[in-house]
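Undergrad: Sharing a structure, written as structure tokens. Questions coming.
The values are calculated or read from the model by the stated rules, or taken from the named source; none is laboratory data. From a predicted model like this one, the values you see are computed outputs, not experimental measurements. All Cβ positions, glycine included, derive from the backbone under ideal geometry; neighbour counts span all protein chains shown.
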Amino acid sequence: MNVARARADFPALRPRSGRSRVAYLDSACMSLVPESVLRAMEEYYSDYPGCAGRSLHRFSEEVSRRYDAARSAFAEFVGTNAPEHVVFLRNATEAINLVASGLDWKKGDRVLVSDQEHNSNLVVWQRLRRERGIRLEILPLSADGSWDAEVLERALSRRIRLVSLFHTSNLDGRSLPIREIAERAHDRGAQTLFDGCQAAPHRPVNFDRLGTDFYALSAHKMLGPTGTGILVGTPQGLSGLRPLVIGGETVQWTTLTDHELRPPPYRFEAGLQNYGGIIGAHAGLRYLERIGLEAIESAQRELNRDVTKALSGLGRVHVLGPENPRDRPSIFGFTIDGIDPHDAALFLDEGWGVLVRSGMHCVHSWYERRGLTGSIRASFYLYNNRDDVTALVRGVRELLERLPSRPGGARPTPHRGQRAPKARVA
Ligand SMILES: Cc1ncc(COP(=O)(O)O)c(C=O)c1O
């Protein structure tokens, strides 16, 4: 299997009559699924549609075996030595919520997040501040993607209980040195949680070597079906968490007055699970592994280098985050002077079949502070190729020609989202 030929394996990208070629550049939101994932899910529903770990009949036995195999495969993929360190959930947001609601907070406990977190790693802490009296500390990040350990050290000196940061940013594609961060945080007695949504699909994560307590990711950003996510945790980390939801499957035994929880990860997977989805996600993982993350990332780097070279030289285009595309290989985030990001996205889709994301990318706080309405984000994955980049570049060039900048407009006009439909703002 080869990254250059991957496009053909993705049904959503196949030519259809009446539809122009699609350049899908929104994989940071969710990736597409290859044929093998669809087949695996169909097989589950048509050949062995059972509940894992409950009934003793053949369907149930088969799904139990496959569900366990998926857990082992994900454990190996994220570099942890035991399948029990992997909890299957609906998405990364649920994984972060599980940690946030599962720790035993005391009033005044401090959580450190950066000033560029996805809402999934921000809102839940804000609620804990309101409801449990924790303190939310903010780690300021540089605009150009450079890392300053001194800033982290200063923040850690405020007796942080948990550091919760992205591994790779969905806004500008920069990555944080999470191994170093985990080490520094642990030296100060803090636990760590990393949001690996934008990192795990692109580069190897060695959970055991990283030394973090928790790592959250979503399988629907790495070829899995929607609604599949994972929390990876150390045995101590997981056993210190109170489950978010309990009931069937989470207990060893019950009486009418009491119960004993099963050990992790089972105590966190209440009720009938998304077996078809997880089995599909496992098929996605196999596909990824056959191509190899290194080949994927290196192909993306080249595409990002090309698009950066072609567009960043145009005076009105401003690239977000690190200047060098090597430091943000999967994401090209940008603004265009005088052009609303949503208008640009609609133009690129309708005129060029280029599907990008526009708006605030669930990092409203970042745009709010800068008075920006949002940005445009092209994100790459293994099925993207030069034709996609060419379409994007031509589309943006045409847009610039057609829509001259408004006089004096150095940046997109701030209008706090009132022009765009709500669904498009996030
Ligand atoms: C950095 C980051 N964190 C969290 C999320 C939320 O992921 P999920 O949809 O799996 O909950 C996203 C999704 O775009 C993301 O990019």
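Undergrad: Evaluate the range 11-30: report whether one residue or more is at pLDDT 95 or above, of a type in the set (V, I, T) and assigned to a loop (DSSP other than H, G, I, E, B). Walk me through how you get there before you give the answer.
TA: So the first thing to find is which residues in the range 11-30 are at pLDDT 95 or above, and the list is 11-13, 22-30.
Retained after the next criterion (residues that are of a type in the set (V, I, T)): 22.
Within this subset, residues satisfying the condition of being assigned to a loop (DSSP other than H, G, I, E, B) are 22.
Yes, the range 11-30 contains a residue that is at pLDDT 95 or above, of a type in the set (V, I, T) and assigned to a loop (DSSP other than H, G, I, E, B).
Undergrad: May I pose another question? Scan the range 211-270 residue by residue and report those that are within 16 Å of the ligand (Cβ to nearest atom), on the phi < 0 side of the Ramachandran plot and either small (G, A, S) or in a strand (DSSP E or B) (or both).
TA: F214, Y215, A216, L217, S218, A219, G224, G229, I230, L231, V232
Undergrad: In the range 62-75, is there at least one residue being within 16 Å of the ligand (Cβ to nearest atom) and at pLDDT 95 or above?
TA: The answer is yes, given that some residue of the range 62-75 is within 16 Å of the ligand (Cβ to nearest atom) and at pLDDT 95 or above.
Undergrad: I'd like the residue in the range 156-176 that is more than 29 Å from R357 (Cβ to Cβ) and surrounded by fewer than 21 Cβ atoms within 10 Å (Cβ to Cβ) and, out of all such residues, is nearest to the chain's Cα centre (by Cα).
TA: R161
Undergrad: Pairs under 9 Å by beta carbon, first residue surrounded by 14 or more Cβ atoms within 10 Å (Cβ to Cβ) and outside any helix (DSSP H, G or I) in the range 44-60, partner modelled with pLDDT of 90 or more and basic (K, R), six or more apart or different chains?
TA: Taking only residues 6 or more apart or on different chains, the pairs are Y48/R58; Y48/R66; G50/R58; A52/R65; A52/R66.
Undergrad: How many residues are under 22 Å from Q191 (Cβ atoms) and within 16 Å of the ligand (Cβ to nearest atom) when one looks only at the range 140-171?
TA: Matching residues across the range 140-171 total 8.
Undergrad: Quick check: anything in the range 116-124 in the same structural domain as H282 (by TED's automatic domain parsing) and more than 16 Å from the ligand (Cβ to nearest atom)?
TA: Scanning the range 116-124 turns up no residue that is in the same structural domain as H282 (by TED's automatic domain parsing) and more than 16 Å from the ligand (Cβ to nearest atom).
Undergrad: OK, next. Restricting the search to the range 103-115, which residues are within 16 Å of the ligand (Cβ to nearest atom) and farther than 13 Å from F194 by Cα?
TA: D115
Undergrad: Just to be sure before I move on: is Y367 free of Cβ contacts under 8 Å to residues at least 60 places away in the same chain and either in a loop (DSSP other than H, G, I, E, B) or in contact with a Gly (Cβ under 7 Å, 6 or more places away or on another chain) (or both) in the structure I sent?
TA: Details: free of Cβ contacts under 8 Å to residues at least 60 places away in the same chain: yes; either in a loop (DSSP other than H, G, I, E, B) or in contact with a Gly (Cβ under 7 Å, 6 or more places away or on another chain) (or both): yes.
Yes: the conditions hold for Y367.
Undergrad: Condition (residue is farther than 24 Å from P204 by Cα, in contact (Cβ under 8 Å) with a residue 24 or more places away in the chain and surrounded by 15 or more Cβ atoms within 10 Å (Cβ to Cβ)) applied to the range 275-294: is it met by at least one residue?
TA: Of all residues in the range 275-294, those farther than 24 Å from P204 by Cα come to 275-276.
Pick out the ones that are also in contact (Cβ under 8 Å) with a residue 24 or more places away in the chain and you get 275-276.
Those still in the list that are surrounded by 15 or more Cβ atoms within 10 Å (Cβ to Cβ) too: 275-276.
Yes: one or more hits.
Undergrad: Of all residues in the range 1-23, how many are farther than 20 Å from L392 by Cα and hydroxyl-bearing (S, T, Y)?
TA: 1
Let's see how each residue does on (1) within 17 Å of Q300 (Cα to Cα); (2) of a type in the set (D, E, K, R); (3) surrounded by 24 or more Cβ atoms within 10 Å (Cβ to Cβ); (4) in contact with a strand residue (DSSP E or B) (Cβ under 6 Å, 6 or more places away or on another chain):
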| residue | (1), (2), (3), (4) |
| --- | --- |
| R316 | no, yes, no, yes |
| I339 | no, no, yes, no |
| G351 | no, no, no, no |
| V356 | yes, no, yes, yes |
| E368 | no, yes, no, no |
| G371 | no, no, no, no |
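Undergrad: Going by the conditions given, is T192 crowded, with 22+ Cβ neighbours inside 10 Å and away from the ligand (no atom under 11 Å from the Cβ)?
TA: Yes.
Undergrad: Go through the range 79-102 and give me each residue that's surrounded by 21 or more Cβ atoms within 10 Å (Cβ to Cβ), away from the ligand (no atom under 14 Å from the Cβ) and not in a helix (DSSP H, G or I).
TA: T80, V86, listed by residue number.
Undergrad: Does the range 250-267 contain any residue that is assigned by TED's automatic domain parsing to the domain that holds Y45, under 30 Å from P34 (Cα atoms) and in contact with a Pro (Cβ under 9 Å, 6 or more places away or on another chain)?
TA: So far as the range 250-267 goes, yes, one or more of its residues are assigned by TED's automatic domain parsing to the domain that holds Y45, under 30 Å from P34 (Cα atoms) and in contact with a Pro (Cβ under 9 Å, 6 or more places away or on another chain).
Undergrad: Condition first: in a helix (DSSP H, G or I) and of a type in the set (S, T, Y). Can you find one or more residues in the range 315-332 that meet it?
TA: Scanning the range 315-332 turns up no residue that is in a helix (DSSP H, G or I) and of a type in the set (S, T, Y).
Undergrad: So in the range 373-400, with the set limited to residues that are within 19 Å of V317 (Cβ to Cβ) and surrounded by fewer than 18 Cβ atoms within 10 Å (Cβ to Cβ), which one is nearest to the chain's Cα centre (by Cα)?
TA: Top of the filtered list is T390.
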